[in-house]
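What follows is one structure encoded as structure tokens, with my remarks underneath.
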Amino acid sequence: MRNAGAAAVLGALSLFAAACGGTADSPSAGTADGGTFNFAIASDPGVLDPAMGVLSVTNTVLSLAYDTLTRVGPDGKIIPSLAEKWDVKPDSVTFTLRKDVTCSDGSKLTPADVAANINHIADPATKSPIYGVLVPTGMKAEADGAAGTVTLSTPKPFSFILQSTPIVFIVCGKGVEDRSVLARGTSGSGPYTLTEVVPGDHYTFQIRKDYVWGPNGATTKEPGLPAKVVLKVVPNEQTAANLLISGDLNGAIIYGADRARLEASPGVGKSIPPMGNGQFFYHQGDDRPAKDPVVRKALTQAINLKELAGIASSGTGRPATGLVLEPRPCQGDTVTGHVPAFDAAAAGAALDAAGWKVGADGIRAKDDRKLELRLLYATTRGAGVQAAAEYLAAGWKKAGVDVKLNGVIDTKLSESLNTTQDWDVVWLPIGVTLPSQLVGFLSGPAAPKGANFSHLANARYEKLVAEAQLKPAEEGCKLWLESESALFDNADLVPVVENTVLIAAKNAKFDMLAGLFSPTSIRMTEAG
């Protein structure tokens, strides 16, 4: 599978909705009708067109206003949403749509709208970063208005043709004809509509009182649903925690050290779900030292990954066992035994053998070129990630590497990965719900022409996924699992820790799945 756009999924978000999350439920004496639900987001979401949205924060915002064809239930099974039923074949799936769905502008959702979404993403001119990741390469959509159906098909059998549909937001109404309105607005069938945008400060949503087509019969007529949802841009987690405790916020996702005091604070409800891996990638472009697998493996050996895991997660993580969020369609540990163990002496010997010799200044060099690494990471992921970057830099310095740290906000991280390419190692959580969603990032055209931001070219990985994609999901699982291990064997990326996060609530309760709202689950509560 190949991605026609140039992007990277940032944040361990998830990429998009998954059955990975939990309910944040503050202690309460009952529901409180109406009101405003205030939630902190760590950065501005940028452009809001669902075809272009890859930042986790962007998709958190979009999840309030858009529906998907299907959803993932609490048990990991696919359940109805906009589609009430479906017929799956190896290379196609036909959905029968609900007939009562309307868009936020009052227009009726049609099969043509759904087809237009898929075909727009698949159009090379769109340069959608989710093509080849969420929407399989070569997928086409065909609407049958008379039958009320839309058929999605792929040129070859595709393992997860049904499982890929809960993660594609469906634009309807005016947004189908004029996508420019989606830059700072929404045009969806979800329970909330975006009514005010102040970039860098807040995003305000108003409830749709006519919404009756939510999953499992959910509507906006339920007691306790907020009349407004305000997403406030709060980059500093300490500030977000303070605002939660004071009651100025009703919810936030907290990654770092402020978790402890929130968990101990009276009246703050909590859920602690897994939220993707803490991991780092090596840039393997032609002019990069990490193009050499010997160098990559030596650099990995030079770091005590167990210590790094504790630092990166502030002691709240778990051992990483794979790249896909739970509940995984393919169960198994792809990490253990496939990542080089910590051995500083062996790392140094390997670098020596590769021609990188320590100079008088303590820095290794080869052919008059110093061994330098530019380490890129996001500053919005809490103090643990900052400390992890510093730990990596210190470990590699001991091995004779000159490391330059570059901490940036999410949008700048995306630009660095895909456009300027000014990095050698990047700490980059990528949260996906299907192994097929990783293929465009881990193979194929390199950035800036494609989504393969680290210029990977792992022949074994590519062979295994090519075989796996043609098999039904369960039948292909052995191949999918082997493909992940092939990446670790080659030190293409290094899984360090499975992160968990604190989803905190005050005077409210709500469900989040992999960083996305289940909007009809939000309830305002009265403090007990």
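A508 fulfils the conditions (1) open to solvent by less than 10 Å² (accessible area, probe 1.4 Å); (2) free of Cβ contacts under 8 Å to residues at least 60 places away in the same chain; (3) over 21 Å from the mean Cα position of the chain (by Cα) except for a single criterion, (2). A Cβ distance below 9 Å, combined with a sequence gap of six or more or placement on separate chains, defines the contacts here; from the range 392-406, residues that are touching a residue at least 40 places away in the same chain (Cβ under 8 Å) and part of a helix (DSSP H, G or I) reach no residue that is open to solvent by 50 Å² or more (accessible area, probe 1.4 Å) and basic (K, R).
On the stretch given as the range 60-87, residues that are open to solvent by less than 10 Å² (accessible area, probe 1.4 Å) and charged (D, E, K, R) total 1. Determine, yes or no, whether L434 is closer than 28 Å to D286 by Cβ and hydrophobic (A, V, I, L, M, F, W, C). Taking the combined requirement at face value, the residue does not satisfy it. Evaluate the range 185-195: report whether one residue or more is of a type outside the set (V, I, T), closer than 30 Å to L479 by Cα, touching a Leu at 6+ places or on another chain (Cβ under 7 Å) and in contact (Cβ under 8 Å) with a residue 12 or more places away in the chain. Scanning the range 185-195 turns up no residue that is of a type outside the set (V, I, T), closer than 30 Å to L479 by Cα, touching a Leu at 6+ places or on another chain (Cβ under 7 Å) and in contact (Cβ under 8 Å) with a residue 12 or more places away in the chain.
Under the condition of being modelled with pLDDT under 95 and of a type in the set (S, T, N, Q), the residues counted in the range 380-410 number 2. Restricted to the range 271-287, and to residues there that are of a type in the set (A, V, I, L, M, F, W, C) and open to solvent by less than 10 Å² (accessible area, probe 1.4 Å), the residue that is nearest to the chain's Cα centre (by Cα) is M275. For the range 290-311, filtering for residues that are open to solvent by 10 Å² or more (accessible area, probe 1.4 Å) and either closer than 25 Å to A241 by Cβ or in a helix (DSSP H, G or I) (or both) leaves 11. In this structure, is R179 touching a residue at least 12 places away in the same chain (Cβ under 8 Å) and open to solvent by less than 50 Å² (accessible area, probe 1.4 Å)? In short, yes.
The residue that is nearest to V61 (Cα to Cα), among those in the range 130-158 that are of a type outside the set (V, I, T), touching a residue at least 60 places away in the same chain (Cβ under 8 Å) and open to solvent by 10 Å² or more (accessible area, probe 1.4 Å), is Y131. The set of residues from the range 177-203 being β-branched (V, I, T) and either part of a loop (DSSP other than H, G, I, E, B) or within 17 Å of I522 (Cβ to Cβ) (or both) comprises T186, T193, T195.
In the range 253-263 there is at least one residue matching the filter, namely being crowded, with 24+ Cβ neighbours inside 10 Å and touching a Lys or Arg at 6+ places or on another chain (Cβ under 8 Å).
In the set A252, A240, which member is assigned to a helix (DSSP H, G or I), closer than 13 Å to I41 by Cβ and touching an Asp or Glu at 6+ places or on another chain (Cβ under 9 Å)? Answer to the check: A240. For the range 353-363, indicate whether the set of residues that are open to solvent by 50 Å² or more (accessible area, probe 1.4 Å) and in contact (Cβ under 8 Å) with a residue 60 or more places away in the chain is non-empty. Scanning the range 353-363 turns up no residue that is open to solvent by 50 Å² or more (accessible area, probe 1.4 Å) and in contact (Cβ under 8 Å) with a residue 60 or more places away in the chain. Of G444, G384, G395, G337, all but one fail to be surrounded by 15 or more Cβ atoms within 10 Å (Cβ to Cβ), of a type in the set (G, A, S) and under 17 Å from Q301 (Cα atoms); the exception is G395. Within the range 312-334, the residues that satisfy the criterion of being within 30 Å of A260 (Cα to Cα) and open to solvent by less than 20 Å² (accessible area, probe 1.4 Å) are A312, S313, A320, G322, L323, V324, L325. On inspection, T219 passes the criterion of being outside any helix (DSSP H, G or I), at negative phi, open to solvent by 20 Å² or more (accessible area, probe 1.4 Å) and touching a Pro at 6+ places or on another chain (Cβ under 9 Å). Residue pairs whose Cβ atoms lie under 7 Å apart, separated by 6 or more positions or on different chains, with the first residue in the range 224-235 and open to solvent by 10 Å² or more (accessible area, probe 1.4 Å) and the second assigned to a loop (DSSP other than H, G, I, E, B) and of a type in the set (S, T, N, Q), are V233/S43; P235/S43; P235/T380.
The values are calculated or read from the model by the stated rules, or taken from the named source; none is laboratory data. Treat the numbers as computed from the prediction; the structure is a model and nothing was measured. Methodologically, a virtual Cβ is constructed for each residue, glycine included, from the backbone with ideal geometry; neighbour enumeration extends over all protein chains shown. Protein only, heavy atoms only, side chains kept; ligands, DNA and RNA dropped before computing areas. Shrake-Rupley method; radii C 1.70, N 1.55, O 1.52, S 1.80 Å.
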